[in-house]
Amino acid sequence: MDDLLDTTAARRWIDTFVERFRSAREELTDLDRRSGDGDFGTNVDTALDRVAAALEKARPAGPGEVFGAVSRAFLHTGGTSGPLFGMWFRELSHALAGGPSAGTGALAAGVAEGTAAVRRLGGAAVGDKTMVDALVPAAEALRAAAGEGLGVAAGLRRAARAARAGAESTRGLRARRGRASYVGEAAQDVLDPGAVLVALFFEAAGTGHGPLPAPGKVIVTVAPTGGSLTREDDPAVPTQPEEIAEDVRRCHDAGAAVAALHARRADDQATCDPAIYRRINALVRERCDVVINNSTGGGVNGDMIGPVVDGQGEVVWEQRLRGLDGGAEMCTLDAMTFVACVGDREILMRTPPSRGRLLARMMRERGVKPEWEAFSPVHVAQEVTTLIAAGHDDPPYFVSLILGLDRIFQGAMPYSPRTLQSMVDLLPDGCLFSVGAAGADQHAAVTQSLLLGGHVRVGLEDNRYLPGGEPGTNVRFVENVVRIIHSLGLEPATPAEARAMLGLPSAAA
């Protein structure tokens, strides 16, 4: 099992659910007013006040006791929905009773039993415009996730997406149960508030910068090659498939869970040739189970650059798209436009909004998870936030904050503690963030990321020197950041734990 639901995670889930409800209370009350008697928000608010008091007093041991306290609070609440939610939480608490933690299978069983109890008591079916329209797909999604061996975090993210889709499906339905059935066609275009509350509950499991991760786990990404560093620049940089795969294996053994890979031609020049990517990825998978992330930026030479006229060139868009077909679990998504200054050349990487949307759509079609890259606060606030808000990725969103590229990329920012903090503050809800920095600032930047609850990226793509100025290798960079992680009382995540935290299928799936 990739991760478990323990008491702390269950409490955090409920606390976040309360926050999300309070933010949506007026909206839910309005939905109920348009389709019922308008007391839904007040009744749920009363129940959640009781929940907070009960959890503070009871100090539960195990997720079953957490949900038991929630159940009792709802069962003593007025309205129709209070007892239904109370029964649902009661069945969930029974399924998780008796242990300090629970896996996806037990959670799926509890959600299924609670949903069955609600259907028996209320007599509702999918399509009747009730909370059942969100509960049933969430239960089915969680059951499927358990069958695939996914951890709790990944399973709950699936359930959240299914619950939200179920809630949205109630718009346009004519209610056949509950008070809304008395209103008739007047409520047909109104979302069912109970179904929306179910969606909010499951989405609360994945809110913030770390949806139910194993406590204290840090995803270490190694970026071994990059798109420009050559063997002439540094003999330690791996550029050919066998070299890259062997280097990644050593980095995996040292604590890396993700490998951010660039492809090179036989002459060490940059490419996004999917055949080369597939060769690298296959060799890596023969050696270890690290999460594979292929670049769609490629680099600033080789196949990636069109004709250069008077020192002006452009990264070839069609070459970038080829990077999506290497069979990786993740690919970089650079949705911003910038100019790279390389020697006496200026290379434009043009990514207008339409291209950003196309990259995201093509990734979704291929089952590839985006790694959103941002080189400045503007990139977070504009490109990343806009595309995520438009539904071009599913939570958790994995955002890499890369600083110190300002001497190469126009529009990038140098590292400073204040700049990094501002970028983290701008992240949308539901993000995991990782931090890397070019040059000597790498060590300070990754340490700050750990203190902020983030993850880290190291490697020769970003930096060639260890602290003190000694030439580094990818393995030495990973070993160094793992020492920092341990010094802060944290642990590097395994690839299996990283997949669970990122919402990726297990390596065996």
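Looking at Arg287, Arg279, can you tell me which residue is basic (Lys, Arg), over 22 Å from Trp372 (Cα atoms) and without any contact (Cβ under 8 Å) to a residue 40 or more places away in the chain?
Values: Arg287 fails: without any contact (Cβ under 8 Å) to a residue 40 or more places away in the chain.
That would be Arg279, the only listed residue that is basic (Lys, Arg), over 22 Å from Trp372 (Cα atoms) and without any contact (Cβ under 8 Å) to a residue 40 or more places away in the chain.
Each row is one residue, and each column tells you yes or no for (1) in contact with a Leu (Cβ under 6 Å, 6 or more places away or on another chain); (2) modelled with pLDDT of 85 or more; (3) within 27 Å of Asp32 (Cβ to Cβ).
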site	(1), (2), (3)
Ala97	no, yes, no
Gly114	yes, yes, yes
Arg120	no, yes, yes
Pro137	no, yes, yes
Ala146	no, yes, no
Gly149	no, no, no
Leu156	no, yes, yes
Ala159	yes, yes, yes
Leu173	no, no, yes
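For the structure I just gave you, tell me whether Arg285 is assigned to a helix (DSSP H, G or I) and either closer than 21 Å to Gly436 by Cβ or modelled with pLDDT under 95 (or both).
On the way: assigned to a helix (DSSP H, G or I): yes; either closer than 21 Å to Gly436 by Cβ or modelled with pLDDT under 95 (or both): no.
No, not satisfied.
Across region 57-73, what is the total count of residues that are under 19 Å from Leu5 (Cα atoms) and at pLDDT below 85? Please lay out each step first, then the result.
Of all residues in region 57-73, those under 19 Å from Leu5 (Cα atoms) come to 58-71.
This time we only want the ones that are at pLDDT below 85, so: 58-61.
So the count comes out to 4.
Being assigned to a strand (DSSP E or B), crowded, with 23+ Cβ neighbours inside 10 Å, on the phi < 0 side of the Ramachandran plot and modelled with pLDDT of 70 or more, is that true of even one residue in region 222-229? Don't jump to the end; show me each part of the working.
First pass over region 222-229, keeping only residues assigned to a strand (DSSP E or B): 222.
Imposing the further condition that a residue be crowded, with 23+ Cβ neighbours inside 10 Å reduces the set to 222.
Add one more test, that the residue is on the phi < 0 side of the Ramachandran plot, and what stays is 222.
Next, only the ones that are modelled with pLDDT of 70 or more stay: 222.
Yes, some residue in region 222-229 is assigned to a strand (DSSP E or B), crowded, with 23+ Cβ neighbours inside 10 Å, on the phi < 0 side of the Ramachandran plot and modelled with pLDDT of 70 or more.
I'd like to check something: does region 395-405 contain any residue that is without any contact (Cβ under 8 Å) to a residue 24 or more places away in the chain and either in the same structural domain as Leu229 (by TED's automatic domain parsing) or surrounded by fewer than 18 Cβ atoms within 10 Å (Cβ to Cβ) (or both)?
Narrowing region 395-405 to residues without any contact (Cβ under 8 Å) to a residue 24 or more places away in the chain: none.
No - not one qualifying residue is present in region 395-405.
Among the residues that make up region 282-298, is at least one of them over 20 Å from Glu242 (Cβ atoms) and surrounded by fewer than 17 Cβ atoms within 10 Å (Cβ to Cβ)?
There is no residue in region 282-298 that is over 20 Å from Glu242 (Cβ atoms) and surrounded by fewer than 17 Cβ atoms within 10 Å (Cβ to Cβ).
Which of the residues spanning region 312-331 are touching a Leu at 6+ places or on another chain (Cβ under 9 Å) and of a type in the set (Val, Ile, Thr)? If you could, list the steps in order and put the result at the bottom.
Of all residues in region 312-331, those touching a Leu at 6+ places or on another chain (Cβ under 9 Å) come to 312-315, 320-321, 324, 326, 328-331.
Val315, the sole residue that qualifies.
So Glu470 passes all but one of these: (1) acidic (Asp, Glu); (2) more than 22 Å from Pro370 (Cα to Cα); (3) at pLDDT below 95; (4) surrounded by 15 or more Cβ atoms within 10 Å (Cβ to Cβ). Which condition number does it fail?
Exception for Glu470: condition (4).
Where in region 407-509 are the helices (runs of 4 or more DSSP H), entirely inside, with at least 1 residues that are in the same structural domain as Ala263 (by TED's automatic domain parsing) and polar (S, T, N, Q)? Can you show your working first?
Numbers: elements: 417-426, 442-451, 474-487, 495-502.
Passing ranges, in order: 417-426, 442-451, 474-487.
Name every residue in region 300-357 that is of a type in the set (Gly, Ala, Ser) and more than 26 Å from the chain's Cα centre (by Cα), in order of residue number.
Of all residues in region 300-357, those of a type in the set (Gly, Ala, Ser) come to 302, 306, 311, 313, 323, 326-328, 335, 340, 343, 354, 356.
Of everything in region 300-357, those that are of a type in the set (Gly, Ala, Ser) and more than 26 Å from the chain's Cα centre (by Cα) turn out to be Gly302, Gly306, Gly311, Gly313, Ala340, Gly343.
Got a sec? Which helices (runs of 4 or more DSSP H) wholly within region 36-149 have at least 3 residues that are among the hydrophobic types (A, V, I, L, M, F, W, C) and surrounded by fewer than 20 Cβ atoms within 10 Å (Cβ to Cβ)? Working first, answer last.
On the way: elements: 40-58, 63-75, 81-95, 104-122, 132-147.
Of the helices (runs of 4 or more DSSP H) lying wholly inside region 36-149, those with at least 3 residues that are among the hydrophobic types (A, V, I, L, M, F, W, C) and surrounded by fewer than 20 Cβ atoms within 10 Å (Cβ to Cβ) span 40-58, 104-122.
List pairs: first residue in region 114-128 and under 17 Å from Glu91 (Cα atoms), second residue loosely packed, with under 14 Cβ neighbours inside 10 Å anywhere in the structure, Cβ distance under 9 angstrom, at least six positions apart or on different chains.
Pairs that qualify, where the first residue is under 17 Å from Glu91 (Cα atoms) and the partner is loosely packed, with under 14 Cβ neighbours inside 10 Å, are Arg119/Ala125.
Please find, among Gly436, Gly411, Gly391, the residue that is surrounded by fewer than 24 Cβ atoms within 10 Å (Cβ to Cβ) and in contact with a strand residue (DSSP E or B) (Cβ under 6 Å, 6 or more places away or on another chain). Walk me through how you get there before you give the answer.
Working: Gly436 fails: surrounded by fewer than 24 Cβ atoms within 10 Å (Cβ to Cβ); Gly391 fails: in contact with a strand residue (DSSP E or B) (Cβ under 6 Å, 6 or more places away or on another chain).
None of the other options fit; the residue is Gly411.
The values are calculated or read from the model by the stated rules, or taken from the named source; none is laboratory data. In this text, all values refer to a predicted model and were calculated from it rather than measured experimentally. Virtual Cβ from ideal backbone geometry, glycine too; neighbours counted across all protein chains shown.
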